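Q: Before anything else, here's the structure in question.
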Amino acid sequence: MHTILGANGIIGEELAKEIRKNYSQNIKLVGRNPKKSHQEDLLFRADLLSLENTIEALQNTEIAYLTVGLPYNSEVWLRDWVLVIDNVIRACNHHKCKLVYFDNTYAYPQNIKVQKETSPLSSDGKKGIGKKLAAERLLEAIENNEINAVICRAPEFYGPGKTKGFTNNMIFDALKENKTAKVFLRDDVLRTLIYTPDASKAMALIANTPDAYSQTWHLPCDDNRLTSKQFIKEISNQLGRDIKYKVLNSFSLKIASFFNKTIKETQELFPRYKIDNIFDSSKFKNRFPDFKVTSYQDGISNILSDFNLKK
């Protein structure tokens, strides 16, 4: 049994499709209100803050995938991420199943250094500290042979369907609603984004590769990184019209943070929008050279088609 903890987000949904296509027909979807993506999916309602619930959810599981999302709130992340990961570790240990943990880059330092699997977990933001504590708990459990697990880490998402991320929200959703696209702080720095179907496919591949465990992996991204200006220019080229956008400066963001909860909760990430953000996934590409990474051009094309923005 392949069990997805937090199955109704975009990563969990894409992951379920990939597992069913290439690895197993026995899939359990776990969440507070899980929904089937295939008629043969098993559903299990659980709260991962409850150890008892988590142990019950992982019954008969061979590989557990932790893709759950918590409310975008600093205090919640600081308090609950380590509780979730500890419950999952203990439940996996109880059932002797493997764990694949889908992580983000919040715990990394926000500087110009290239982000690698060996980069220190040294964020001083509350969300970053919450993710740091969770990752360190899992690394400790791996080191102490409590669990056979692997960490799969990804930068900011962009993609089709119900992908959530600042790029989708501020650019593609804005276009769909005939609003002006927006960019945080600068439009001339390089950014690394991951196409959500790629993230799920790569995670499933790692999960089903025995020698990939007891490691951290950066999930694959297109190395031909674009600035926000270039990204929007590519959208303009594909749509055959000039896309207007606005760069939100520090002052406007500070004012907006008083009225917009999401902007307020995003403030700890703003330093990385002022510099080139280079997320290196060469380790994955060297280990899995046949994996086809979606280019930004193709990713943009797929999203525009999915959003019915192409005429």
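Read the figures in this text as sums done on the coordinates, not as results from a lab. Note that the coordinates shown come from a computational prediction; the quantities given were computed from them, not determined experimentally. Neighbour counts run over all protein chains shown; Cβ positions are idealised from the backbone, glycine included.
Q: Just checking my list (1) 16.6; (2) 15.6; (3) 18.4 against mean projected area of the Cα convex hull in nm² computed from this structure; which label fits?
A: From the options (1) 16.6; (2) 15.6; (3) 18.4, the structure gives (2).
Q: A follow-up question, please. Please state the relative contact order of the range 126-223 as a whole percent: Cα pairs under 8 Å, 6+ residues apart?
A: 34 percent
Q: Could you pull out the longest piece of the chain with no exposed loop GluC sites (Glu not before Pro) in it, calling a site exposed if DSSP puts it outside H, G, I, E, B and it has at most 12 other Cβ atoms within 10 Å?
A: In the chain, the maximal stretch lacking such sites is 41-176.
Q: Taking only C-alpha pairs under 8 Å that are 6+ residues apart, what is the relative contact order of the range 199-307 in percent?
A: 41 percent
Q: Calculate one ³J(HN,Hα) per residue across the range 159-165 by plugging θ = phi - 60° into the Karplus curve 6.51 cos²θ - 1.76 cosθ + 1.60, and present them in order as whole Hz with x for glycine and proline.
A: Rounded to whole hertz, the list is x, x, x, 9, 4, 10, x.
Q: Still on this structure, I have one more. Evaluate the relative contact order of the chain (contact order divided by residue number), counting alpha-carbon pairs under 8 angstrom at least 6 apart; express in whole percent.
A: That works out to 18 percent.
Q: I need the phi-derived Karplus couplings for the range 269-281: 6.51 cos²θ - 1.76 cosθ + 1.60, θ = phi - 60°, integer Hz, Gly and Pro marked x.
A: 8, 4, x, 6, 8, 9, 9, 4, 10, 10, 9, 9, 10
Q: Follow-up question, since we're still on this one. Which of LEU219, LEU239, LEU78 ends up with the largest GNM mean-square fluctuation for the chain, with Cα atoms connected below 10 Å?
A: Ranking LEU219, LEU239, LEU78 by mean-square fluctuation puts LEU239 first.
Q: Please report HIS38, HIS218 as a ranked list, fewest other C-beta atoms within 10 angstrom at the top and most at the bottom.
A: Result, fewest neighbours first: HIS38, HIS218.
Q: Which one of ILE112, ILE85, ILE194 has the biggest mean-square fluctuation once the chain is modelled by GNM with Cα springs under 10 Å?
A: Ranking ILE112, ILE85, ILE194 by mean-square fluctuation puts ILE112 first.
Q: Let me ask something additional. GNM, the chain, Cα, under 10 Å: largest mean-square fluctuation among LYS28, LYS96, LYS264?
A: It is LYS264.
Q: Report the chymotrypsin sites (Phe, Trp or Tyr not before Pro) located in the range 192-271 that are in a DSSP loop and have at most 11 other Cβ atoms inside 10 Å of their Cβ, or state none.
A: Passing both the DSSP loop test and the Cβ count: PHE258, PHE259.
Q: Could you tell me the distance between the Cα centroids of the range 9-68 and the range 186-219, to the nearest Å?
A: A separation of 20 Å, based on Cα centres.
Q: Applying the Karplus parametrisation 6.51 cos²θ - 1.76 cosθ + 1.60 with θ = phi - 60° to the phi angles of the range 79-91, what ³J(HN,Hα) value in whole Hz is obtained for each residue in order, glycine and proline being reported as x?
A: Going residue by residue, I get 8, 9, 4, 5, 5, 4, 5, 5, 5, 5, 4, 5, 5 Hz, with x marking Gly and Pro.
Q: Let me ask something additional. Using modelled amide H (1.01 Å from N, peptide plane; none on Pro or chain starts), what sits under 5 Å from the amide H of ASP276, excluding residues fewer than 5 places away?
A: Amide H neighbours of ASP276: LEU190.
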